[in-house]
Amino acid sequence: MANAAPFSLPTCFNQVEQLSDNLRFIALDVETAGYDISSICQIGLAFVGFDNSIEAFSAYIDPCTPFAAGNTRLHGIDAATVKNAPRFVEVLPELRPVLEAYPLIQYSRYDEKAFDAACRLAGLQVLKSVWSDSVAIARQAWPELRGNGGHGLANLKKVLGLHFKHHDAGEDARAAAEVTLKAEA
């Protein structure tokens, strides 16, 4: 998978134009607008190189659905935030080649389920990606945390000394990547 060709990110991820052959895996996180798991309003990607470097990016997505007050309180994203943002159906075709070319790391199975649901809602084929769960990775690496604060990002942030803003897709993607790298170490 490391031999996949460099690619261009969609304009909503315009911070980076090309990624090199150094790419090892991508950590992915989403935030949703409401209780419908398909209502993706932010996508975060953390690109992890073979040298363990991490470059994280995020983009707002117009979920084309109303925002639930509880979700907005959690992540701070509302209809005004995503005004003029692209829709999932516009972004996925550009992201699909890279998301299917590299292993994807998520923090819990939520992100894969959200992508699958958003694909079905948009009439798109679900991703043919290899997904791994950094919660499972953390449970294997730090079994002593079971019943002692657990393996949630909030506890791992404290235990592992991670620095990120929880419930921001780019930050959470970076955190999932860092948890995976620390577990490997």
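Annotations for the structure displayed:
- Efficiency of FRET from Cβ geometry, LEU74 and GLU94, R₀ 25 Å, rounded to 0.05: 0.35
- Nearby lysines by direct alpha-carbon distance to LYS182 (threshold 30 angstrom, same-chain neighbours under 8 apart not counted): LYS113, LYS128, LYS157, LYS158, LYS165
- Net lengthening on full extension, LYS128/SER53 (0.36 nm per residue, minus Cα-Cα): 24.5 nm
- Value of relative contact order over the range 48-151, rounded to a whole percent, pairs C-alpha under 8 Å and six or more apart: 21 percent
- Residues whose placed amide H lies under 5 Å from that of CYS41, excluding near-sequence neighbours: GLU31, THR32, ALA33
- Fraction of beta bridges assigned by DSSP in the range 34-134 that are antiparallel (%, nearest 5): 65 percent
- Once the Cα gyration tensor of the range 119-184 is diagonalised, semi-axes √(5λ) in Å: 26, 15, 11
- When only alpha carbons are used to place a centre, the range 27-49 and the range 145-185 end up 16 Å from one another.
- Of the DSSP H helices in the chain, those whose Cα atoms cover at least 15 Å axially and whose Kyte score averages 0.5 or more: 88-101
- In the chain, the DSSP beta bridges split such that about 75 percent are antiparallel, to the nearest 5.
- Computed lengthening from CYS64 to LYS113, 0.36 nm per intervening residue step minus Cα-Cα distance: 15.8 nm
- Positive-pole candidate from ALA80, PRO66, ALA138, dipole of the chain, charges at beta carbon: ALA138
- Shape category assigned to the range 68-185 from the gyration tensor of Cα positions, a/c cut at 1.5: oblate
- Cα gyration tensor category, rounded, prolate or oblate, for the range 31-131 with a/c compared to 1.5: prolate
Any read-out appearing in this document is the output of simple, stated calculations on the displayed coordinates, not a laboratory observation. For clarity, every value in this text was computed on a predicted model and none was experimentally measured. Using ideal geometry, Cβ is built from the backbone for each residue, glycine included, and neighbour counts are taken over all protein chains shown.
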